[in-house]
Every structure is written in C-alpha cells, then in structure tokens.
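Okay, structure first, notes after.
The values are calculated or read from the model by the stated rules, or taken from the named source; none is laboratory data. The structure displayed is predicted, hence computed values, not measured ones. Cβ: placed from backbone, ideal geometry, glycine included. Neighbour counts: every protein chain shown.
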Amino acid sequence: MADRSDAEPLPEDVVATLSHLLQPHDPVHAALLTQIAHATVQSRCGRGCATVYFDLDTGVVTPGPVDPARHPIVAEAGIVAPDGQHVGEVLVFARDGYLSWLEVCSWSDAPMTALPPLDQIEPYNR
C-alpha cells in the first residue's frame, strides 16, 4: 500500500457534489457513497477546470457492482445557471466498481474552475 500521509483529502464541495449525485437506493451508488470517506485527491484537471481525479485505498473498501449499461459513467447531471440556461454537466466515473473521478464540463469555451452550487446541479432522470 502506498504512503497516503501527504494525500489531499477530498474538498467539502467535492464530497457534497458526490453525495448529491449518488443516490443511496441505487446499489452502484450506495457502494460508491461508502468509498468517499476513503478517497483522496490524486490530481486535478490540467486545463484549470474543476475536474478531480481520485486515489482510493482499495485495501479498505469493497468494490461496488458494475452495471455495464452505465460503466464507467455512473451518475450525471446538468448544470443550470441562475438564469435557467444549461451551461454544462457534471459526471461521476467509476472503474471496476471503484470511485474514479468527478468531471465538470462547460458548454462554453471557458472552463468551469469551481463546482457549481448544489441547487444548480440537476441530476438527469434516466
């Protein structure tokens, strides 16, 4: 196991966004929710967006079920600006049953440098 003493914990806004998108009644989501406490920041988007890649101590968590129809995107939501315009998307990725990254996509040329407030994140009903 790698030394995780200098690992950056997940920021509160990342934890809140993951908790907002992952629904406890869904078996895939429920497993990933339990992994959040064991995840740290592996890296961030190199282009300045709010995307975060996770490092997960797989020695202390159990992998969740893999749904081939949703793998690797296990949750997604639209980002709606205060004026009601859809301005982007947030996606949760998992690989082999493990939480992998939170991606933030902007529909404009400018990257979203911060996660939007939770009231601007509308999960897609699929």
Residue check for residue 24: part of a loop (DSSP other than H, G, I, E, B), touching an Asp or Glu at 6+ places or on another chain (Cβ under 9 Å) and either more than 15 Å from residue 95 (Cα to Cα) or without any contact (Cβ under 8 Å) to a residue 40 or more places away in the chain (or both): no
Total residues in the range 97-126, condition surrounded by 14 or more Cβ atoms within 10 Å (Cβ to Cβ) and of a type in the set (Val, Ile, Thr): 2
Residue tally, condition in contact with a helix residue (DSSP H, G or I) (Cβ under 9 Å, 6 or more places away or on another chain) and outside any strand (DSSP E or B), over the range 90-116: 4
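Only one residue in 60, 87 is farther than 17 Å from residue 19 by Cα, assigned to a strand (DSSP E or B) and in contact (Cβ under 8 Å) with a residue 12 or more places away in the chain, so which one is that?
Details: 60 fails: assigned to a strand (DSSP E or B).
Being farther than 17 Å from residue 19 by Cα, assigned to a strand (DSSP E or B) and in contact (Cβ under 8 Å) with a residue 12 or more places away in the chain holds for just one of 60, 87, which is 87.
Among 42, 23, which is the only one that is within 18 Å of residue 122 (Cβ to Cβ), modelled with pLDDT under 95 and either loosely packed, with under 12 Cβ neighbours inside 10 Å or not small (Gly, Ala, Ser) (or both)?
On the way: 42 fails: within 18 Å of residue 122 (Cβ to Cβ).
The conditions single out 23.
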Top-ranked residue of the range 76-96 - restricted to ones that are closer than 21 Å to residue 32 by Cα and either polar (S, T, N, Q) or touching a Pro at 6+ places or on another chain (Cβ under 7 Å) (or both), ranked as surrounded by the fewest Cβ atoms within 10 Å (Cβ to Cβ): 96
